[in-house]
1. For a footprinting-style exposure proxy, rank Val62, Val72 by other Cβ within 10 Å, fewest first.
2. Give a residue-ordered list of calculated ³J(HN,Hα) values for the range 362-369 (Karplus: 6.51 cos²θ - 1.76 cosθ + 1.60, θ = phi - 60°; whole Hz; x for Gly, Pro).
3. Size of the range 1-135 along its principal axes in angstrom, Cα-based, largest extent first?
4. Would you please calculate the Kirkwood hydrodynamic radius of the range 96-191 over all C-alpha pairs and express it in Å, rounded to one decimal?
5. Mean separation of Cα pairs under 8 Å and 6+ residues apart, divided by the residue count of the chain: what relative contact order is that in percent?
6. Using alpha carbons only, how many angstrom separate the centre of the range 135-207 from the centre of the range 332-369?
7. Would you calculate the convex hull of the Cα atoms in the chain and tell me its volume per residue in Å³?
8. If you consider only alpha-carbon coordinates, what radius of gyration and Dmax does the range 170-268 have, in Å?
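Bear in mind these aren't lab numbers, they're just calculated from the coordinates by the rules spelled out. None of the values given here were measured: they were computed from a predicted structure. Every residue, glycine as well, gets a Cβ built from its backbone with ideal geometry; the counts of neighbours run over all protein chains shown.
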Amino acid sequence: MDTKKSKAKHLIVISYDAFSQDQWELASRLPNLSKLINNGAYTNRLTSVYPTLTYVVHSTMVTGVYPDKHGVFHNNPFQPFVPEKEQHWFWYRSDIKVPTIYDKLKEAKLTSAGILWPVTGKASIDYNIPEIRAIGNENQALKILKNGSPRYSIRMELKYGKIRRGIEQPYLDDFTTRCTVDTILRKKPNFMLVHLIDLDDTKHEHGTVGCEVEQTVTRMDRRLGDIIKATEEAGIYEETIFLVIGDHGQLDVRYKVKLNQLLKDNGLIYEENGELKWRAYVQNAGGAAYLHIREGDNEAEKLALSILNEAKKEESYGIEGIYTAAELKEDHIYTGVSYMLEAKEGYCFDDNLEGAVITDLEVMGKKYATHGYSPKKPNYSCNLVISGTAVKKQYEIDEARMVDIAPTMAEILGIEFNHCDGRSLSEIFTK
């Protein structure tokens, strides 16, 4: 670390998954976040990337580039007909095609830690418990050990594993917080990435408004307080900058729409020798979707677009737009797919080929919210707080994009990181 250039010796990045503009009023009044706001810079107008999926966004956070460059275009690689629970995810550092901030830290001989941060399997992080899940006959503990830091992961599991109940909340985030506190006290890393998921899970299950969301936001503030307290006990509080960030919003959903069934009805998805095949396939991303066309199949492309454009005319299918890659060039979407669909608010897409084409969740008595929508949707921006002694107090950031986060982190840590699509938010610093 170049101490002449760096703004702080330690940077702790806390990702509050789904922490968005609609929770700002409540969260900003709570004791621990309000403390950081009073001692730092903030905005509730942070613009995310498209599609607004967790792994896509977190890859941008640590690279400073859009999905068309870093290559993580979805939570999951394209796996047609594989049930979501059985799909591989973009779990591994090798899935990111450009340098990351923690790679540069390693070169600078600075220490790093990551706890359940997405896309960090086999990453160059010194103390690493990657977010990764066993599928099929895999063993969860063994998969973490193989792809994270074995001794560190075992130690955290032995000390705090009893807190966790699989991926059930609030226990998972309580486990993550205890591991974070322990790591701060014992390792004092220069850079720490922490991913807290409770709010995202709550919104998916209960919608974006209600007592469940309010309770979760309050829990999140308590966890933040535990992390702040740990830096005080470790004697590094004055040398630490805290960066609290939301990756995307969520929107309430009434209708789930299975567009692949329309393609199947027209022969673009079909069965051959007992196996499902496709010429065109809609890969859902929640509030958005990619349209995949079998390479070179111009007939399938024309037919699929005709089917989906007809469906777009019907309100019930909830298609707000069908866009070409050229039309979305300014959004820097993944270049491997030629078309993308955007859902209207109140709708989301589903890959499933079973059941009704359109499911009315309200009639079923279910609440549900999701993300993936364009970051340009109204009232869908994210929250950002950057706080520490080198940061201006109560400074409202005028404009910020997700690609600005990595270069800002690099300036805080005093390292060179120049390939970014974004800029450092240098105006927030006192000098």
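1. Val72, Val62
2. Once θ is set to phi - 60°, the couplings for the range 362-369 become 5, 4, 7, x, 10, 9, 7, 9 Hz.
3. 50, 39, 27 Å, listed from the longest principal axis down.
4. It works out to 13.9 Å.
5. 31
6. If we compute the Cα centre of each part, the gap is 30 Å.
7. Dividing the Cα hull volume of the chain by its residues yields 142 Å³.
8. Reported Rg and Dmax, both Å: 19.3, 66.
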